[in-house]
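Student: Attaching a single structure in structure tokens format; questions to follow.
The values are calculated or read from the model by the stated rules, or taken from the named source; none is laboratory data. If you're wondering where the values come from, they're calculated on a predicted model, not measured in any experiment. Note: ideal-geometry Cβ built from the backbone for every residue, glycine included; neighbour counts use all protein chains shown. Only protein heavy atoms, including side chains, enter the accessible area calculation; ligands, DNA and RNA are left aside. Shrake-Rupley method; radii C 1.70, N 1.55, O 1.52, S 1.80 Å.
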Amino acid sequence: MTFEEIKNSEKENLMHTYGRFEVALVNGKGSTAYDINGKEYIDFTSGIGVNALGYSDEGWSKAVSEQAKKIQHISNLYYSPLQTAVAEKLCSLTGFSKVFLCNSGAEANECAIKLARKYSFDKYGNIGRNKILTLVNSFHGRTMATLTATGQDAMHNYFFPFIDGFVYAQANNIDSFNSVIDDSICAVLIELVQGEGGVQPLNKDFVKSIEKICKEKDILLMIDEVQTGISRTGKLYCYQKFDIQPDVITSAKGLGGGLPIGACLCTKDLENVLTAGTHGTTFGGNPVACAGALEILNRVTSEEFLKKVEEKGEYIRNRLLKIKGVKEVRGMGMMIGIVTENDNAKKIANDCVANGLLILLAKNLLRMLPPLNITYEEINKGLEILEKVFEEDLK
Ligand SMILES: *Cc1c(COP(=O)(O)O)cnc(C)c1O
């Protein structure tokens, strides 16, 4: 098949829900991908933060393919040693008490939303204490509830009616937060670095203040770690950098290293809120996905590994700051946003692809989420392409 044939078939057979770059990828190794014509691309995307160990990592592929040969799915009617291994590992690494396994970030957030509402219902009764506070410019997913949770007016269109019971406050603005807090709120759901919203980190003071208010009012503090989690920011989870103890965190993207798996983690106080029959999912905790997740959790969580993520992130940010045409660089660890001088991130990203570099966009920024184990050789190759594209652009 040629690229044109694939493109035509996509147009004919898939719903047109994505704006795609002009390339069809067919294989990869480490942080290098190859297209249908064999052309090489350095990968600064990890498939949007998913391939934590890059493409076709040896240990990961072995774990996944061996599990596929053993047993691929059993449903949640039966016990699974792989589910328990993943949950045990997540709990021991974080101190959370219980895990619900699902298949995506949106689903992990759905679980958190249901858990928060039932916690409040069980404790206070059906008195309308059920609202979830989220932040303007956030992103929490594409299902009806998580889309409503997403604090972006532009996304609250077409699909009316949206779900009741969500209110929004400005990020990094405690007055705005206080102005929407009242007795109807049962939980706060936030990202610590707003990823899709343009790689916007929250201030530590703001987050600490939120935590204090939540504790005082028995409002659950729930952190959406779908993008920031799995060592992306230099800690297994980003909240560990903010010196806070959330009640709930959600995880997905990098967790499976390339297979669909999500998780919702809660503290001991919340461990009995969701019970048999109140929540579930057919595929959740699938053995093959769990085998992938277990390999990831065994490989990306040592102090030594986390230190390297920080160092590589620092190295990349320093080099980016030296590029003419780069106005601002922000983010944490290897979650990096780049504001361009000419507000032309989309054009730069397209030119990067044409020159053999895969890079993401977030709002009007360039965004980088390289595989956590990317080598300096690949980083340098990728940055050289980016430097060249900026140089050409300014000519
Ligand atoms: C990607 C993302 C989601 C949605 O995850 P899906 O797996 O696409 O459902 C939710 N929250 C955040 C912060 C994300 O970055």
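Student: What number of residues within segment 193-214 satisfy the criterion of being touching a strand residue (DSSP E or B) at 6+ places or on another chain (Cβ under 6 Å) and either within 16 Å of the ligand (Cβ to nearest atom) or touching a residue at least 40 places away in the same chain (Cβ under 8 Å) (or both)?
Tutor: 7
Student: Tell me which residues, restricted to segment 215-234, are of a type in the set (D, E, K, R) and either within 16 Å of the ligand (Cβ to nearest atom) or crowded, with 24+ Cβ neighbours inside 10 Å (or both).
Tutor: Residues satisfying the conditions are 224, 225, 232.
Student: Looking at (1) open to solvent by less than 90 Å² (accessible area, probe 1.4 Å); (2) more than 17 Å from residue 383 (Cβ to Cβ); (3) out of contact with any helix residue (DSSP H, G or I) (no Cβ under 8 Å at 6 or more places or on another chain); (4) not aliphatic (A, V, I, L, M), can you tell me which one residue 295 breaks?
Tutor: (3)
Conditions (1) part of a helix (DSSP H, G or I); (2) within 16 Å of the ligand (Cβ to nearest atom); (3) open to solvent by less than 10 Å² (accessible area, probe 1.4 Å), marked per residue:
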position: 78; (1), (2), (3): no, no, no
position: 82; (1), (2), (3): yes, no, no
position: 85; (1), (2), (3): yes, no, no
position: 88; (1), (2), (3): yes, no, no
position: 108; (1), (2), (3): yes, yes, yes
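Student: Applying the selection to segment 243-282, what residues are within 13 Å of the ligand (Cβ to nearest atom) and open to solvent by 10 Å² or more (accessible area, probe 1.4 Å)?
Tutor: 253, 258, 259, 260, 281
Student: Kindly indicate whether any position in segment 328-340 is part of a helix (DSSP H, G or I) and surrounded by fewer than 22 Cβ atoms within 10 Å (Cβ to Cβ).
Tutor: no
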